[in-house]
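Since every read-out is calculated from the coordinates, none of them should be taken as a lab result. Note that the structure is predicted; figures quoted are calculated from it, not measured. Glycine gets a Cβ as well: all are built from the backbone with ideal geometry, and neighbour counts include every protein chain shown.
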Amino acid sequence: MTKTPDSFALPAKLSSGMGRVWDYWDGLKRGGNEIPFWDDVKLSSLAGLEGHLLLIDAFEAPQRFRVNTVGKDIRDWYGADIVGKFADEIEAKGPLAHFAAQASATAIEPTYYHNGFTRLLLPLWGNGYVSMLLGAVERA
């Protein structure tokens with residue numbers, strides 16, 4: 001696998017909420033697969049974190065990312081409903097600063113971003129490529 005830029009490198013230790021999301025994602029892996037399948041994700045399995053979660057549809061050619069699901073807290077922090085919008089249609093601010101670049105890097109491996117908010121994006125496999133991202137956002 002190609003290495004993500006240092007700006008999106010995972011920290012040595014995740015917060016408890018981000019750690020729960022990571023552990024959930026890691027536990028979805030089947031057999032020797034490095035990336036879990038998108039259709040195994042059930043956000044209800046992350047009770048108490050629903051407001052901090054994102055599901056992002058990923059398209060391969062051309063590479064684009066569309067917001068599928070966004071938690072209430074993220075929507076409130078951002079100040080608008082962004083469900084159905086593509087990353088290039090979203091103003092890069094607050095909890096979604098540098099979102100498009102991070103999403104693109106996540107098509108390779110898990111990524112992390114920190115700048116007033118922390119954001120973890122995790123790749124999910126489907127249709128022969130990374131077709132969805134699972135994300136979590138917390139206020140720093």
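Only lysines eight or more places from Lys29 in sequence, or on another chain, were considered; those with a Cα closer than 25 Å are Lys3, Lys13, Lys42. Between Asp76 and His98, residue separation times 0.36 nm minus the direct Cα-Cα distance comes to 6.1 nm.
Compared with the direct C-alpha span, the chain from Glu91 to Arg64 gains 8.2 nm at full extension, assuming 0.36 nm per residue.
Considering the dipole of the chain built from charges on the beta carbon (Lys and Arg +1, Asp and Glu -1) around the Cα centre, which of Leu43, Asn115, Val83 is farthest to its positive end? So the residue furthest toward the plus end is Asn115.
Can you give the extra length, in nm with one decimal, that the chain gains between Ser45 and Arg139 once fully stretched, where that is 0.36 nm per residue apart less the Cα-Cα distance? Walk me through the numbers on the way to the answer.
On the way: separation 94, 0.36 × 94 = 33.84 nm, distance 2.15 nm.
This chain segment gains 31.7 nm when fully extended.
Modelled spin labels at Tyr129 and Arg30, positioned 7 Å past Cα toward Cβ, are 2.1 nm from each other. From least to most packed, judged by other beta carbons within 10 angstrom and beginning with the fewest, Ser104, Ser15 follow the order Ser15, Ser104.
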